[in-house]
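The structure appears right after this line, and notes come after that.
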Amino acid sequence: MKNFKILVLMIAVLLVASPAFAFQCQTGRDIEGSSDSCWTSVKVASNETTLVSQGTVLVFDIANAERDADNGAFQVRTTTSTAASAYVAGVAQSSITSGSTALVLVRGKGKIKVQGAVTSGNALFVSSTAGRAATTGGETQYKPVAFALANGTTTDVDAYITVV
């Protein structure tokens, strides 16, 4: 009986605790012509100088890792290092100004900015060019950020985002 009480208490604590990385997901059948997708709320660092627009790859701002007190969003920035690919937060699907909060795509079909030539089916990793993905860079250390669904060169391409 004692073990049962402890189990119930642990479940209650887990249910009450706020999630550290909350998702908003929908199935493809919710919206005609769309795939399953998941989004999360982020806040672009106020000192971010790279334009965040549709397809920009964003990483967690480890130096300022605290969540926004107003909405629980994690602070993010663009990246200039493949080492940061382990901390990908999502891919922007609209423009986001510095200091603003928005939803970013973490799983599903969307646009992603690429650096270099990309062929449909290529695995895409964080590029050394800020906010972009490429076919090379982190493939030996990290999982892909996305898989290309179309061909492209240094442009936005259709992709299946796989951050989570």
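Assorted remarks:
- In the stretch 27-45, the residues that are over 23 Å from Ala148 (Cβ atoms), of a type in the set (S, T, N, Q) and either under 17 Å from the mean Cα position of the chain (by Cα) or at pLDDT 85 or above (or both): Ser41
- If the condition is being under 28 Å from Gln26 (Cα atoms), touching a residue at least 40 places away in the same chain (Cβ under 8 Å) and not in a strand (DSSP E or B), then the stretch 99-157 contributes Gly99, Ser100, Gly131, Arg132, Tyr142, Val145, Leu149, Thr155.
- Scanning the stretch 69-96 for residues that are aliphatic (A, V, I, L, M), at pLDDT 80 or above and either under 12 Å from the mean Cα position of the chain (by Cα) or surrounded by fewer than 23 Cβ atoms within 10 Å (Cβ to Cβ) (or both) yields Val76, Val88, Ala89, Val91, Ala92.
- Residues satisfying the stated conditions in the stretch 95-133, i.e. among the hydroxyl-bearing types (Ser, Thr, Tyr) and closer than 18 Å to Gln75 by Cβ: Ser95, Thr97, Ser98, Ser100, Thr101
The values are calculated or read from the model by the stated rules, or taken from the named source; none is laboratory data. These figures come from a predicted structure and were not determined experimentally. Here Cβ is always computed from backbone atoms with ideal geometry, including for glycine, and neighbour counts include all displayed protein chains.
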